[in-house]
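Below is one structure; the comments refer to it alone.
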């Protein structure tokens, strides 16, 4: 993966040189971008033997460093759900029932550089991200006919350091001072070894006690996203050009 990313980064820099030269006399692009996307998760290797595909959302910010937006810094965070169980129960009378919902989730956050090759309305990019991944299984209780949770517990959790390699393509949907891009891409999450629970890894006993069977394997996965990237400007951030010196 490292060699592929290096090759893509070199290609992005070469393709973006004309854009960088053209932009030297102005800064008329947003100073930051807000990214929001829905994501699908596909486990690989040992992880794929223990869990099913997942879904989630991701939100991030991109901050261009140079005038053309070839080099940027990105911060992001996201949420993936890869398992859900629902149990029905009642206490001293079953006239009022309750649901126990158990969710297996991954939370992640990180920061890293991004290289792009802006070409008019099209912006291919690659990037690397370093951060953390939080594997957590929680259970919550609610009334069987409402969404209000009145009890929550963490059954099991683990924190890992992760590396992510990302790439994608942005297509401009709207221009002007607040551009909007359609963002399509993928990301490889190298989580390494993690401890986690899957569906069925919590066993309930008649006396109300439980037994937990955690798994310890590699927990790498792919995520695929579809979202938007929105340019942001400050109130005093107006287009400006450098004047020419008189002779």
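The values are calculated or read from the model by the stated rules, or taken from the named source; none is laboratory data. This structure is a prediction, so every number in the text was calculated from the model and none was measured. A quick note on method: Cβ atoms are made from the backbone with ideal geometry, for glycine too, and the neighbour counts reach across all protein chains shown.
Taking the conditions exactly as written (in a loop (DSSP other than H, G, I, E, B) and under 27 Å from residue 36 (Cα atoms)), does residue 83 satisfy them or not? The answer is no for residue 83. Residues that are over 20 Å from the mean Cα position of the chain (by Cα) and farther than 18 Å from residue 222 by Cα within segment 41-67 comprise 65, 66, 67, listed in sequence order. Restricting attention to segment 209-226, does a residue exist that is modelled with pLDDT under 95, exposed (fewer than 13 other Cβ atoms within 10 Å of the Cβ) and on the phi > 0 side of the Ramachandran plot? So far as segment 209-226 goes, no, none of its residues is modelled with pLDDT under 95, exposed (fewer than 13 other Cβ atoms within 10 Å of the Cβ) and on the phi > 0 side of the Ramachandran plot.
Before we move on, is residue 18 loosely packed, with under 15 Cβ neighbours inside 10 Å, at pLDDT below 95, outside any strand (DSSP E or B) and out of contact with any helix residue (DSSP H, G or I) (no Cβ under 8 Å at 6 or more places or on another chain)? Criteria met by residue 18.
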